[in-house]
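The values are calculated or read from the model by the stated rules, or taken from the named source; none is laboratory data. Predicted, not measured: the structure shown is a model, and the values here were computed from it. Here the Cβ positions follow ideal geometry from the backbone for every residue, glycine too, while neighbour counts run over all protein chains shown.
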Amino acid sequence: MSVATAAAASTSAAVDQPLCTLPVLGRDVTVPLVTGGEATYAALDYAASAPALQRVWDDVAAYAPYYGSVHRGAGYLSQLSTDLFENARRTVEEFLGCREGDQVVFTRSTTDSLNLLAAALPADCQVFVFETEHHASLLPWRDARVTYLNAPRTPQQAVATLERALADRTASIQEGHGPALVCVTGASNVTGELWPVQELAAAAHAHGARIVLDAAQLAPHHPVDIAALDVDWVAFSGHKLYAPFGSGVLAGRADWLRAAEPYLAGGGASKAVARRADGGVDVEWHTTAARHEAGSPNVIGAYAIASACKALTEAGFDALVERERELIAKVREGLAAVPEVKVLSLFGDDAPRVGVISFVVQGWNSSHFAAALSAEYGIGVRDGLFCAHPLVRTLLGSDPQEQGACGAPEAAPGTKSLNAIRVSFGAGTPDEHVERFVRAVGELVRDGARWSYRTEDGRCVPDTTA
């Protein structure tokens, strides 16, 4: 069977599935419980890494026998792999609504994409970033002049805060300041809240700045259209978009990328290399996306991302979004029924959001609670600061501290939580996983853990030594 035929069969199988729940790998995996027996694993940590779509895995498996070198091989498999790689680029362009002249660069992840853009900033560029960003958006700009903006408490305040900061910059342009870039998330990886991207982009452009959208949490849940949002770049990761690890995208305007030194120097990025008479080397670099894709590219990763883009487009975001709203409502209603639970939010309970919810439980250490969910109920969530330390500490009202001992009442009355618990879900989440989670939270708070736990390498784990 050819790659094209296998992919078509996979597409047909995917379309026959209910449109609001997409088949994912691991949906039938069972895990042992410390209390005895097994449970089907409830993967509720989509914000960290979503399970790969079955459709994506099937497409990759169909391609695997045809694996070959890319771009410079004369053989059939090399040419086939090159076509798949470049067609994947076009699929991503369509998925993101890229404008004429935009480039799609394949990277390793959102983090890699934003570090690539940071390396391509023009001289004396000033970067504006909210302290609420994920570290992937917060940290790459160390070599630029960075203005960190305080956490807003409403979408309107976010726009107003940015406008004031940009107005101050505009007033000092005559002092010889260079260009400016705004970096903002589309959906928070902590609260799930949607940010006013279109309004922030308008504010940036009104003051002569550009804007990059961290869509790592947005793209798996909502359509992302570069032209409609009027952002200059979009970055996202394959492993949050239901594709395997190791691939990402930076898409958008080509001029800064074309003018910058290659992100990595090597084959693929170079168009021509020649020795000089003085013993040095002259290099002509590509001006296309290849300029920043040196080395043998991750063809399977790019193909997997393209497959995920097609699957989400064919399923229809309207149906996916509507079902996710139902899941969000179930979780929020379930947590609201437990007085000891406090859900974290910047913009308030009514703010639109994706399937990412963080919370603390009074009287519980967050690591202990997450460990009990896993060991006693087969539920996988995340606990900690979620690579967004300033935001979580702002929401918790706490200072940087070490995690408390396992089982310690981290959030007892009158104390502040040190960390939080995050539940996240998406297109592959069955209703039963969410219902089990809500039930487990209520039972743990009411009855306590049924097992004893200890701290091991900084993590809370079931104590199996007794």
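Could you check segment 131-224 for helices (runs of 4 or more DSSP H) lying wholly inside it with 2 or more residues that are closer than 15 Å to residue 118 by Cα and out of contact with any His (no Cβ under 6 Å at 6 or more places or on another chain)?
Because the criterion is at least 2 residues that are closer than 15 Å to residue 118 by Cα and out of contact with any His (no Cβ under 6 Å at 6 or more places or on another chain), the helices (runs of 4 or more DSSP H) in segment 131-224 that meet it are 135-138.
If a residue must be surrounded by fewer than 22 Cβ atoms within 10 Å (Cβ to Cβ) and in contact (Cβ under 8 Å) with a residue 40 or more places away in the chain, how many such residues does segment 71-88 contain?
Of segment 71-88, the ones surrounded by fewer than 22 Cβ atoms within 10 Å (Cβ to Cβ) are 71-80, 82-83, 85-87.
Now restrict to residues that are in contact (Cβ under 8 Å) with a residue 40 or more places away in the chain: 71, 80, 85, 87.
Number of matching residues: 4.
Among 44, 53, 77, 96, which is the only one that is over 24 Å from the mean Cα position of the chain (by Cα) and not acidic (Asp, Glu)?
77
Consider residue 249 carefully, then state whether it is under 21 Å from the mean Cα position of the chain (by Cα) and part of a strand (DSSP E or B).
Details: under 21 Å from the mean Cα position of the chain (by Cα): yes; part of a strand (DSSP E or B): yes.
In short, yes.
If we scan segment 317-328, do we find a residue that is surrounded by fewer than 20 Cβ atoms within 10 Å (Cβ to Cβ), over 28 Å from residue 448 (Cβ atoms) and of a type in the set (A, V, I, L, M)?
yes
Can you find even one residue in segment 403-411 that is modelled with pLDDT under 95 and either of a type in the set (Ser, Thr, Tyr) or on the phi > 0 side of the Ramachandran plot (or both)? Spell out the reasoning first.
Narrowing segment 403-411 to residues modelled with pLDDT under 95: 403-411.
Those still in the list that are either of a type in the set (Ser, Thr, Tyr) or on the phi > 0 side of the Ramachandran plot (or both) too: 407.
Yes, because at least one residue in segment 403-411 is modelled with pLDDT under 95 and either of a type in the set (Ser, Thr, Tyr) or on the phi > 0 side of the Ramachandran plot (or both).
Are there any pairs with C-beta distances below 9 angstrom linking a residue in segment 211-239 that is in the same structural domain as residue 303 (by TED's automatic domain parsing) to a residue that is modelled with pLDDT under 95 and among the small types (Gly, Ala, Ser), with the two at least 6 apart or on different chains, and if so which?
238/246; 239/246
Looking at residue 345, is it crowded, with 20+ Cβ neighbours inside 10 Å and either assigned by TED's automatic domain parsing to the domain that holds residue 218 or in contact with a Lys or Arg (Cβ under 9 Å, 6 or more places away or on another chain) (or both)?
Spelling it out, residue 345 is indeed crowded, with 20+ Cβ neighbours inside 10 Å and either assigned by TED's automatic domain parsing to the domain that holds residue 218 or in contact with a Lys or Arg (Cβ under 9 Å, 6 or more places away or on another chain) (or both).
Please go through segment 255-276 and give me each residue that is within 13 Å of residue 121 (Cβ to Cβ), touching an Asp or Glu at 6+ places or on another chain (Cβ under 9 Å) and either of a type in the set (A, V, I, L, M, F, W, C) or assigned to a strand (DSSP E or B) (or both), ordered by number. Quick ask: steps written out before the conclusion?
Filtering segment 255-276 down to residues within 13 Å of residue 121 (Cβ to Cβ) leaves 255-257, 259-261, 263.
Filter once more, so that each one left must be touching an Asp or Glu at 6+ places or on another chain (Cβ under 9 Å): 256, 263.
Within segment 255-276, 256 is the sole residue that qualifies.
Within segment 333-342, can you find the residues that are buried (at least 16 other Cβ atoms within 10 Å of the Cβ) and part of a helix (DSSP H, G or I)?
Scanning segment 333-342 gives 334, 335.
Suppose we filter 142, 153 for residues that are touching a Phe, Trp or Tyr at 6+ places or on another chain (Cβ under 9 Å) and either surrounded by fewer than 21 Cβ atoms within 10 Å (Cβ to Cβ) or within 27 Å of residue 241 (Cβ to Cβ) (or both); which single one remains? Steps first, answer last, please.
Values: 142 fails: touching a Phe, Trp or Tyr at 6+ places or on another chain (Cβ under 9 Å).
Checking each option against the conditions leaves just 153.
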